[in-house]
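Have a look at the structure below before the remarks.
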Amino acid sequence: MKNIFNNQTLAKFGFVLLLFVLLQIPLSMVSSLISERSNRLEEVRSEIARSSTGEQRIIGPFIAVNYTEMVYREGKSFLTEYRKYILPETFNFSAELESFAKYRGIYQARLYQAESQLTGSFDLAPLLNIEQQKINSVSMVVGVTDSRGLIKLNNMTINGKNVEVQPGTGLNQFVQGFHTELDLTELLGASDSRSAQQQIQPLKFDYRFLLQGMGSLQVSPIGKESRIEMASSWPHPSFSGDFLPISSDITDKGFNAEWVSNNFSSNISQLFERCMFNSSACAEFERRQMGVNLIEPVDHYLKSHRAVNYSLLVITLVFASFFLLEIFQARLMHPVQYGFVGLALALFYLLLISLSEHLGFNWAYALSAIASTVLLSIYVGGMLASAKQGKLFGVCLLVLYAMLFGLLQAESYALLMGSLLCFAILSLVMILTRNVDWYANSTQQSVAKQVSSAETKHEMD
């Protein structure tokens, strides 16, 4: 036991381990900085959404019928207002999204302008269940999440006739949007008395408008039969909602996708009715949506954070190489030298996050790796009094950074590749040191130190 405490090799190992733990302080500071900058990006995007437009969702069109009924209570009669809703039989939505970036300082948000078209038809037969004289108004309503995004309303037609739309919906559940007042006489006047029972022709609509939003465009499949199509030149879509596209085509030139649903698969009519008559029951209806998010292809903050997670592996490998060099070449290295090397390795991650905000992650990683490698190669060459060994160390460090970059790019296999790399390195170290006599090594270092001291004293005499 006494030999263990007097073993210089183990003492050096313990000090290097302590230094390794202390290096986690600057690395944790870099990690906190990455999180802070990432949170700042989200704040900027929220600020841009508040001053421009946010994520968009389209609900409608649907028909709202306001009417009055005489209600008798306790021998008294009251006129009570009611509202009935009619959903489209067929609902088609198509949009061509043109994306663009809006900057604030070094941060950006991804916005789009969507050339949108709503087409379909209504079955007006439910109107016959209400006495015509009791109906106060009939309107066709389209709700959107942020009406500031309604940049332009183009051709709005109902049964082939141009109609005028009014801002707002007049509803508590979906406040923003637009609506069209319908003439009840014209609606019922279009009937065809071919049979004893009055028949009403389907009401066809065609709404076209330019809608701006940020990041996401969602659509509620509000028809009994719904079909939604979206296309864009942005090549990085993320489809979201309760329904995935039945078909999609994603290339470097953009994407197009198609969704199809019906009332049996979405149960949309029942969920819509619950929401309109009880606002607290709208959560499930709001989840019934189809759409796309225009995502950024590379989140440099996320990749920088993942790179910091591998810093333990990089520092461990570099320190282990120095430690083995001391063992096999009997070359002593001062703990201060370990400290400078560790700080240089930690500085790599600070350079990475700062450069990636201006150059992108890939270029930032390459420049940071080169800068760190050149610095450490010069320092190690001087530390070992051998330029050749310094260059060899630089090549090995570049290979290590290249392997780390491969781990960051291979998201699906990063854990597997990282585990195999750690196993391979540990196996190599154990094989190289399997015949090392740690006690003898410590004795040799002690003798060498005594001889060196004696020679120095002799020279001074």
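The values are calculated or read from the model by the stated rules, or taken from the named source; none is laboratory data. Keep in mind that what you see is a predicted model, and the values were worked out from it rather than measured. Glycine gets a Cβ as well: all are built from the backbone with ideal geometry, and neighbour counts include every protein chain shown. All accessible areas refer to the heavy atoms of the entire protein, side chains included, with ligands and DNA or RNA removed. Shrake-Rupley method; radii C 1.70, N 1.55, O 1.52, S 1.80 Å.
Here is a list: Ser38, Ser52. Which entry is of a type in the set (Gly, Ala, Ser), more than 30 Å from Phe93 (Cβ to Cβ) and in contact with a helix residue (DSSP H, G or I) (Cβ under 9 Å, 6 or more places away or on another chain)? Just a single option satisfies the conditions, and that option is Ser38.
Among the listed residues His300, His305, identify the single one that is open to solvent by 50 Å² or more (accessible area, probe 1.4 Å), modelled with pLDDT under 80 and in contact with a helix residue (DSSP H, G or I) (Cβ under 7 Å, 6 or more places away or on another chain).
His305
For the range 126-143, the condition of being modelled with pLDDT under 90, under 24 Å from the mean Cα position of the chain (by Cα) and part of a strand (DSSP E or B) holds for none of the residues.
Of the residues Ala364, Ala344, Ala385, only one is small (Gly, Ala, Ser) and not in a helix (DSSP H, G or I); which?
On the way: Ala364 fails: not in a helix (DSSP H, G or I); Ala344 fails: not in a helix (DSSP H, G or I).
Exactly one of Ala364, Ala344, Ala385 is small (Gly, Ala, Ser) and not in a helix (DSSP H, G or I), namely Ala385.
Do we have any residue at all in the range 411-428 that's open to solvent by less than 80 Å² (accessible area, probe 1.4 Å), farther than 19 Å from Ala320 by Cβ and at pLDDT 70 or above? Among the residues of the range 411-428, not one is open to solvent by less than 80 Å² (accessible area, probe 1.4 Å), farther than 19 Å from Ala320 by Cβ and at pLDDT 70 or above, which makes the answer no.
Ser139 satisfies every condition listed in (1) more than 26 Å from Leu294 (Cα to Cα); (2) of a type in the set (Gly, Ala, Ser); (3) open to solvent by 30 Å² or more (accessible area, probe 1.4 Å) except (3). Is the range 310-332 home to any residue that is of a type in the set (Asp, Glu) and either at pLDDT 85 or above or open to solvent by less than 30 Å² (accessible area, probe 1.4 Å) (or both)? Scanning the range 310-332, I find at least one residue that is of a type in the set (Asp, Glu) and either at pLDDT 85 or above or open to solvent by less than 30 Å² (accessible area, probe 1.4 Å) (or both), so the answer is yes. Being of a type in the set (A, V, I, L, M, F, W, C), open to solvent by 10 Å² or more (accessible area, probe 1.4 Å) and out of contact with any Pro (no Cβ under 8 Å at 6 or more places or on another chain) is a description that applies to Phe264.
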